[in-house]
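First the structure, in the form of structure tokens, and then the observations on it.
Taken together, the values in this text are just the output of simple stated rules run on the coordinates, not laboratory data. Computed from a prediction, not measured in an experiment: that's the story for all the values here. Neighbour counts are summed over all protein chains in view; Cβ atoms, including those assigned to glycine, are modelled from backbone coordinates with ideal geometry.
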Amino acid sequence: MARLHPACAENQFVMLGIIHRDAEGERLLSGWLEQSRPAVITLEFSPFGLDFRKANAALLKSRVCRIADELSAEGRQVNEEAVKSVLSFIDVPAEFNILSAYAARCKVPLFLIDVDYFSYVKLKDIERLVAKENLEKLVAAPPATDVRHEKTLARLFFEKGVNIVGYTDEMRVRDRFMRDKIALLRKNYTGSRFLHVCGWQHLSDPHHLYQELNPTKVFIYDKTLCI
């Protein structure tokens, strides 16, 4: 197993950039935890998003699978990857399950620090997302997010300094909110090694919101690549 870059091992605050819903990233995250052994973990995920999925995911996923089967029985084209993408959006993120299992086993705190409001806005119309007429369109087309494409964009940013993804006003609000939560937590856990797990796009931080926290930013697919 590759060794951590010294900057990653020594810094008290590491931001670990992942690609959401990527199986390879999930395996790498588990390995990262075992090597770095953080004392406090924060995650780009909201308490509302977790509670909503715990309460509704099983029923919604069952509905999606039933409708996909109905469409297939009718002779309609069904893109299995698109179905998996919809199911993944509905389900509790794998990174939460990995981090919460580690936190429980190693008895370290895990904090969900994203903004509830934006999760509510994205999830309030989920009934419409899983309605048959909408799923008919979704599952007949390629998934909206292609992991290979995401990896290409991420590597362009980390290796070439090229950022063509764009940084939205929503991301700025969320990053400011998360930065403030982390800053407060660091006062309460003085001297503890922090790990913040987030989508890789947040590492670009064009407004330097995290600068005061002196982070080491790492793309999970390359542990030697720290910025």
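Taking the mean number of other Cβ atoms within 10 Å as a proxy for protection, how do you rank 121-131, 79-89 from highest to lowest?
Values: 121-131: 13.5, 79-89: 17.1.
So the order, starting with the most tightly packed, is 79-89, 121-131.
Taking a straight line from the alpha carbon of Lys137, these aspartates and glutamates sit under 18 Å away, with near neighbours fewer than eight places off in the same chain left out: Asp69, Glu70, Glu74, Glu80, Glu81, Asp125, Glu127, Asp146. Between Arg105 and Ala39, the modelled label-to-label distance comes to 2.2 nm, taking each label 7 Å out from Cα in the direction of the beta carbon.
Tell me the relative contact order for segment 14-102 as a rounded percent, counting alpha carbon contacts under 8 Å between residues six or more apart.
45 percent.
Across segment 77-91, coupling constants 3J(HN,Hα) worked out from phi with the 6.51/-1.76/1.60 Karplus curve, θ = phi - 60°, read 6, 10, 8, 4, 5, 5, 4, 4, 5, 5, 4, 5, 5, 6, 6 Hz, and Gly and Pro carry x.
For the pair Asn79 and Arg148, the difference between a 0.36 nm per residue extended length and the Cα-Cα distance amounts to 23.1 nm.
Compared with the direct C-alpha span, the chain from Ser88 to Glu24 gains 21.6 nm at full extension, assuming 0.36 nm per residue. Label-to-label distance, Tyr189 versus Cys65, with points set 7 angstrom from Cα along the beta-carbon direction: 3.5 nm.
Amide H contacts of Lys217 (H built 1.01 Å from N, in plane; Pro and chain starts excluded): Met15, Ile227 sit under 5 Å, all sequence-distant by 5 or more or on other chains. Inter-label distance, Glu212 to Asp125: 3.5 nm, where each label sits 7 Å from its Cα along the C-beta direction.
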